[in-house]
Amino acid sequence: MKHLKFMLAVLLSLMTFGLSAQSTRTTWTTTATDLGEGLYEIKVTASIPEDLHIYALGELGGYNPTTITVQPTKKVEVVGEVTPSKEPHTYYDEVFKMNMGDYSGEVTFTQQVRSRKADREVKVLIEWQECTDQTCQMGEEEQSVVLSGSVAGKGKKNEATVAPAEESGAPAATGGNFWSIIIEAIIWGFAALLTPCVFPMVPMTVSFFMKGSENKRVAKFRAAMYGVFIVALYTLPIAALILITKVVGGDAVTADIFNWLATHWLPNIIFFAVFMVFAASFFGAFEIVLPSKLVNKSDENVDKKKGLGGVFFLALTLVLVSFSCTGPIVGSVLIKATQGEVLTPIFAMLAFSMAFALPFVLCALFPGLLNKMPKSGGWLNSVKVVLGFVEVALGFKFLSTADQVYHWGLLDREVYLAIWIVVFTMLGFYLLGKLRFKHDSEVKYISTFRLALAIGVFTFVVYMIPGMWGAPLKALSGYLPPMQTQDFVLGGEGGGTAAAPKAEQRTVKYGDFLELPLGLEGYFDLEEAKEYAAEVGKPIFLDFTGHGCVNCREMEARVWSHPEVKAKLENDFVICALYMDDKKQVAAEDWVITESGKELKTLGKINSHFALKQFGINAQPYYVILDAEGNQLGDTRGYDLDVEAFLEWMDRCVAEGK
């Protein structure tokens, strides 16, 4: 049963969310032309990047044909069928065993409609699959076009153009988080080396290469391959499972799985429990080990196999033998990585394994380095215990995510801070030798290095303490629950309900369970925000955010809190925050039925559907400035801590609306 804990962590990590659905790269432009006599021609043009193709209409499109659907109304009648501007490239597909066709470059699809009156708005639903030679991705977009021109029968031609939705802000929104995860994985990789299960293996493996070959060039090649095999053993199983999920279910399905597991209470509670189990293991309560038969079998093959086969089994033996120490670390890296993009766990595992393998390879290539390494001893178990305290602290982030998304009210900001203060205080006392665990050696004196670590830990504790009374603690903004969950803030107000400007005394939709940061006032429903924006003559600052979004909290703490930015948000905009991960079920009249017939009942799903349909994104944070009618002003913005650039962007968008 012990080894199943690790397998559970790996499987869950492959399925979870962070992060955001990948954006498509094909762009679409829709125009309408008045042909006279009440007849209009709607043209939908696809601009397809050079390395992509999209499938043809109808049967030639195979299982995922391109579809252009002009939605009829009581006043607008669809005439005839959609016709493409050119014939598709046709071929026989060996995989699907059928004739298929596709388009590349640029292609225009034309649909005629009839309307007795001009200036009617018509919606066009576009669905397509774009592919390279290796991968495919589904796309869906809805555009609107106005049948501008003369009154029916006058024969005057005018065109109204609708620009395509902005490309996804996912890279901007998640790029910083991606690199922080990679850096964290590298740190964990080096930390794993300093555990009692791994560190003693270094001289043992080096001796294998020293006696394995008298040819130095062959020995160096085998040492390099040893590192390659270690990286492959950690990375390839994860990559295979994720890629199988993508191939079988497609990008949309994989992203949905990741998103569900990143925000739903069940996986977050499981992740929290797994982290606590890992911490208990590091504290010495038990060891998470693989079956001895598996380890022994791999070890036997080291001597039996010659050449690269023996090197491979040596790498496999290292991975298996060190499992009781690396298992919790690997599980932690993977679970944390699932808060990013779909493929982030693969890159995180690659970074971890390369850092983990590097010292083994260097010592195998240069055996003299062994003389400069510290000797094994009780300090190795101390490393495990320190990692255990870190696991406890990080584990509460998952419980906090579930708490925020479902509004349980269990881990308000001061409660979360209190836990961290206690955990790191105990870590400080442990470093000073005041606490001892099961496998610890007696600390007779404190080394200079250990004292420096203790000073650093207690400094961190002192830094956190003012947060109990409302200090912003910007360095931890991504990890802590938002300030509005705090019950008491010295010299200010704690948690409360966001509202429209006080002079208006309005009741804000969803304001009974949602709040804006920094004491700002605003809305959580776009239609309500548009209505108020029209009254006061201000543009709308649209914030796509999430309770579990680390980057959102950082933007609020480091950018929004800047005096100039906050002043603009308070005075120059109507703020509308759309939470994309909130699990609150809204009233039945607000439910949304998607184009595929799926019924969306929770606020988060409704907002996510709107973001994807309107802007082609499913990432947070993502900022858009609109006029009072909902038209986009300027470009969009994602995660970027540059305050001056943020101010310039706000001014530029507002200027475009004047």
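The values are calculated or read from the model by the stated rules, or taken from the named source; none is laboratory data. This is a predicted model, so every value here is computed, not measured. Cβ atoms come from the backbone with ideal geometry, glycine included; neighbour counts cover every protein chain shown.
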- Task: Working carefully through the options Lys220, Lys246, find the one that is assigned to a helix (DSSP H, G or I) and at pLDDT below 65.
- Result: Lys246
- Pull up segment 594-609, narrow it to residues that are within 13 Å of Phe524 (Cα to Cα) and of a type in the set (A, V, I, L, M, F, W, C), then point me to the one that is surrounded by the fewest Cβ atoms within 10 Å (Cβ to Cβ). Ile606
- Checked segment 608-645 for anything under 19 Å from Asp581 (Cβ atoms), in contact with a strand residue (DSSP E or B) (Cβ under 7 Å, 6 or more places away or on another chain) and among the polar types (S, T, N, Q); matches are Gln620
- Message: Quick check on my filter: what residues within segment 575-595 are more than 22 Å from Phe541 (Cα to Cα) and among the β-branched types (Val, Ile, Thr)?
- Response: Val586, Val592, Ile593, Thr594
- Message: Residue under question is Glu106, and the condition is that it be within 21 Å of Ala46 (Cα to Cα), exposed (fewer than 14 other Cβ atoms within 10 Å of the Cβ) and touching a residue at least 60 places away in the same chain (Cβ under 8 Å); does it hold?
- Response: yes
- Query: Which of the residues spanning segment 520-549 are under 30 Å from Asp403 (Cα atoms) and surrounded by fewer than 23 Cβ atoms within 10 Å (Cβ to Cβ)?
  - Reply: Leu520, Glu521, Asp525, Leu526, Glu527, Glu528
- Task: Kindly indicate the residue of segment 592-623 that is in a loop (DSSP other than H, G, I, E, B) and under 15 Å from Ile126 (Cα atoms) and also modelled with the highest pLDDT among those meeting that condition.
- Result: Thr594
- Message: Here is a list: Val489, Val443. Which entry is in a loop (DSSP other than H, G, I, E, B) and over 27 Å from Ala280 (Cα atoms)?
- Response: Val489
- Task: Taking Leu569 as meeting all but one of (1) in contact (Cβ under 8 Å) with a residue 12 or more places away in the chain; (2) surrounded by fewer than 19 Cβ atoms within 10 Å (Cβ to Cβ), write down the number of the exception.
- Result: (2)
- Message: Just to be sure I understand, how many residues within segment 536-552 are in a helix (DSSP H, G or I) and either touching a strand residue (DSSP E or B) at 6+ places or on another chain (Cβ under 9 Å) or not assigned by TED's automatic domain parsing to the domain that holds Val565 (or both)?
- Response: 2
- Query: In segment 114-142, which residues are within 26 Å of Gly36 (Cβ to Cβ), in a strand (DSSP E or B) and either at pLDDT 90 or above or out of contact with any Phe, Trp or Tyr (no Cβ under 7 Å at 6 or more places or on another chain) (or both)?
  - Reply: Arg114, Glu121, Val122, Lys123, Val124
- Before we move on, is Val559 more than 19 Å from the chain's Cα centre (by Cα), in contact (Cβ under 8 Å) with a residue 24 or more places away in the chain and under 20 Å from Pro481 (Cα atoms)? yes
